[in-house]
Amino acid sequence: MTRPTALDRPAADRPVALVTGAAGGLGSALVAALEADGWAVAGATHHGGPYAADLADPAAADDLVRRVIGTLGRLDLLVANHAAMTMAPVETYPVDDWWLVVDTNLSGSFRLARAAAAHLASRRGAMVFISSEWGIIGWPEASAYAASKAGLIGLTKALARELAPDVRVNAVAPGVIDTAQLQVDADSAGVDLDEIRRRYAAATPLGRIADPQEIAATVVFLASAGGAFYTGQVLQPNGGTTTA
Amino acid sequence: MTSREGPAVDRGRVVLITGASGGIGRAAAVRFAAAGYRVGVHYLTNRAGAVRLAEEIDGVALGCDVADPNAVAEMVQTVEAELGPIDVAVCNAGFYEERPLARIDDALWDRTLRVLLGGCFHLTRAVVPGMRASGHGSIVMIGSELSLIGGADVAAYVAAKAAVLGFARAIARELAPTIRVNVVAPGAVDTPLLPDRDRGPGYASTVPLGRIGRPDEIAEAILHVAEAPWTTGAVYSPNGGVVIQ
């Protein structure tokens, strides 16, 4: 099936995507991949730039979505990619840190979805929540992160049913990606970056961790014509870690 | 706990169940008591119901808000002092409210997360030190079939119950082999939480097994997974066949 991609459209008519966590390893790959596919992208970052937003702040999501639509005129795709991550044993995990992870990742994404839903419905748009392999299989000392990322899968399935057929809602749950985020994992395990990369690669059937670009490609697919019949789904680019 | 003269008395195993004044929690309290457990019967507002149940099953009624980590920690200390070390914790306290996405305000969202997910987190962190000291323990969290399949107008509830799955799976890995952690994710059950819409023949006709569940059936499942020695990180979903996938 050959259908036009966003690149075939005139620049003024390009669809608009909002990507949060745009300064991170995966976020910058998402912005680049969507732009290469013809999207106009508003990349939201924690600080700095025209779309700065602290998504742990309950007021931030409404304000961010309003700014994007005000500046770019429309919104067709929400990619909730921002994330906070700390690791600690559950019984000594500082309660405030635990909730900061959950509220940033899960509540912040919920508020973005709530802020964008009506406009996305009018555009027959889509949402993609960036979950994680750890939201599916869990991970020691990552109880807050795993809870938040599993919660995003629930949010995906609930909103997919509620917002159909006007808005498609999907999640991508990547395996370990080669980004600066790996330092948290390395610190938790008490090893250096090379060693944590080696350990994760050894535990992955495909024998390596992911490049951010191949995760971004999965999101671009979900947002493209080829993804038009997906809703309520969780795509898992993870090198085979969840086959067991 | 006071010590007495003479041989030690086997006071039985101890379970603490949150949200035990009604519905599934109450049925679980009755079932665990029948299996020989001393039961901590937690309640939020239904003190009379919890006290009456505790008297019936020789347990202890404890009131607190599971969204408050300090109150939960105090409750656990009380149970350990009055009944002894906790063998099983059942994170059951919850509520259910349907609202379309646009009408889920921050207050409802936050309360849902703090009670459904926070109730599990706060209770877990309070019981784990004692379970580590005992060398064993079992935690059962009550999920929902909706966390597996989604549903309209319940985004906060589904997100929180799905987050419970991730939390349980993470700590099942983390706390093994000393402490087992499992989830029971029921379908529609005949409790006060169930919307009237789901009580009639209309809904029942969509359930492969032709009816909604009974609280005692869920209680049986909770006791089973609580005591299944080779089961951790599992999600057991009694749902009449609504989720077949």
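No value in this document is a laboratory result; all are computed from the given coordinates. From a predicted model like this one, the values you see are computed outputs, not experimental measurements. Every residue, glycine as well, gets a Cβ built from its backbone with ideal geometry; the counts of neighbours run over all protein chains shown.
Assuming R0 = 22 Å, can you tell me the calculated FRET efficiency for the pair residue B:132 and residue B:224, based on Cβ-Cβ distance, to the nearest 0.05? Before the final figure, lay out the partial values.
On the way: r = 24 Å, r/R0 = 1.09.
That gives a FRET efficiency of 0.35.
Pick out which of A:188, A:132, A:148 has the largest mean-square fluctuation in a Gaussian network model of chain A, springs linking Cα atoms closer than 10 Å.
Answer for the Gaussian network model of chain A: A:188.
I'd like the orientation of helix A:212-223 relative to chain A: the angle between its Cα long axis and the longest Cα principal axis, in ° from 0 to 90, rounded to 10.
So the helix axis and the longest Cα principal axis differ by about 40 degrees.
Mind telling me which of A:190, A:138, A:207 comes out most flexible in a GNM of chain A, alpha-carbon contacts under 10 Å?
A:190
Using alpha carbons only, how many degrees (0 to 90, rounded to 10) separate the axis of helix A:108-122 from the longest principal axis of chain A?
20 degrees
How many angstrom lie between the Cα centre of the stretch A:145-164 and the Cα centre of the stretch A:43-118?
Answer, in whole Å: 15.
If packing is taken as the mean number of other Cβ atoms within 10 Å per residue, what is the order of B:32-40, A:41-49, B:181-189, highest first? Let's see the in-between values first.
Details: B:32-40: 20.4, A:41-49: 18.6, B:181-189: 25.0.
Descending mean neighbour count gives B:181-189, B:32-40, A:41-49.
Which distance in nm do the two modelled labels at residue A:32 and residue B:107 give, with both placed 7 Å along the Cα-to-Cβ direction?
Output for this residue pair reads 4.7 nm.
Quick check of the Kirkwood formula: for the stretch A:140-244, what is the inverse mean of 1/r over all pairs of different Cα atoms, in Å?
Details: mean 1/r = 0.0658 Å⁻¹.
In the stretch A:140-244 this quantity evaluates to 15.2 Å.
Roughly what percent of Cα-Cα pairs across the stretch B:92-153 reach past 19 Å?
45 percent
With +1 on each Lys and Arg Cβ and -1 on each Asp and Glu Cβ, and nothing else charged, work out how big the dipole of the protein assembly as shown is about its Cα centre, in Debye to the nearest 20. The partial results should precede the final answer.
Details: 40 positive and 51 negative charges, 214 e Å.
The calculated dipole for the protein assembly as shown is roughly 1020 debye.
If you keep only loop residues by DSSP, which chymotrypsin sites (Phe, Trp or Tyr not before Pro) in the stretch B:180-245 have at most 10 other Cβ atoms within 10 Å of their Cβ?
B:230
Along the charge dipole of the stretch A:40-115, pointing to its positive end and built from +1/-1 on Cβ of Lys, Arg, Asp and Glu, which listed residue (A:82, A:52, A:69) has its Cα farthest out?
Positive-most Cα among the choices belongs to A:69.
For the pair residue B:211/residue B:78, report the inter-label distance in nm, with labels modelled 7 Å from Cα in the Cβ direction.
Here the answer is 3.7 nm between the modelled labels.
Take every Cα-Cα pair in the stretch B:186-241 and report what % of them are more than 19 Å apart.
Details: 534 of 1540 pairs.
Every Cα pair in the stretch B:186-241 considered, those over 19 Å come to 35 percent.
Please compute one quarter of the surface area of the Cα convex hull for the stretch B:127-178 and express it in square nanometres.
Details: hull surface 15.4 nm².
That works out to 3.9 nm², a quarter of the Cα hull's surface.
On the Cα set of chain A, report Rg and Dmax in Å, please.
Rg then Dmax for chain A, in Å: 17.4, 55.
Which of the listed residues, A:228, A:169, B:228, is farthest toward the dipole's positive end in the protein assembly as shown, when Lys, Arg count +1 and Asp, Glu count -1 at the beta-carbon?
Positive-end residue among those listed: A:228.
Taking all pairs of distinct Cα atoms, average 1/r, flip it, and tell me the Kirkwood hydrodynamic radius of the stretch B:14-236 in Å to one decimal place. List each step's numbers first, then the result.
Working: mean 1/r = 0.0575 Å⁻¹.
Final number for the Kirkwood radius of the stretch B:14-236 is 17.4 Å.
Any idea what diffusion coefficient the stretch A:86-200 gets from Stokes-Einstein, in µm²/s, Kirkwood Rh on alpha carbon pairs, 10 °C, 1.306 mPa s? Display every interim value, and only then the final one.
Values: Rh = 15.3 Å.
Translational diffusion coefficient: 104 µm²/s.
So if each residue of separation counts as 0.36 nm, and I subtract the Cα-Cα distance between residue A:234 and residue A:63, what length gain in nm does that give? Can you show the working numbers first?
Working: separation 171, 0.36 × 171 = 61.56 nm, distance 2.81 nm.
Taking 0.36 nm per residue and subtracting the Cα distance, the gain is 58.8 nm.
Might you report the magnitude of the Cβ-based charge dipole of the stretch B:14-236 about its Cα centre, with Lys and Arg at +1 and Asp and Glu at -1, to the nearest 20 debye? List each step's numbers first, then the result.
Working: 19 positive and 24 negative charges, 69 e Å.
That gives a dipole near 340 debye.
Only Cα pairs within less than 10 Å get springs; with that Gaussian network setup on chain A, which residue of A:113, A:186, A:223 has the largest fluctuation?
Comparing A:113, A:186, A:223 in a Gaussian network model of chain A, the most mobile one is A:186.
With axes computed from alpha carbons, what is the tilt in degrees of helix B:47-57 against the longest principal axis of chain B, rounded to the nearest 10 within 0 to 90?
The two axes meet at around 60 degrees.
Compute the Rg to Rh ratio over the protein assembly as shown from the alpha carbon atoms, using the Kirkwood formula for Rh, and round to two decimal places. Show your work: numbers first, answer last.
Details: Rg = 23.3 Å, Rh = 23.3 Å.
Radius of gyration over Kirkwood radius for the protein assembly as shown works out to 1.00.
Which value, in Å³ per residue, describes the convex hull spanned by the Cα atoms of the stretch B:116-245?
Working: hull volume 14.4 nm³, N = 130.
Output value, Cα hull per residue: 111 Å³.
Loop-only GluC sites (Glu not before Pro) in the stretch B:158-231, please: DSSP not H, G, I, E or B, and at most 10 other Cβ atoms within 10 Å.
Hits after loop and neighbour filter: nothing returned.
Would you mind checking the stretch A:101-143 for residues with the amide N under 20 Å from a putative spin-label position 7 Å along Cα→C-beta of residue A:92?
Under 20 Å, as judged by backbone N against the label point of residue A:92, lie A:101, A:139-143 of the stretch A:101-143.
Considering the dipole of chain B built from charges on the beta carbon (Lys and Arg +1, Asp and Glu -1) around the Cα centre, which of B:244, B:109, B:33 is farthest to its positive end?
About the Cα centre, the residue reaching furthest to the positive side is B:244.
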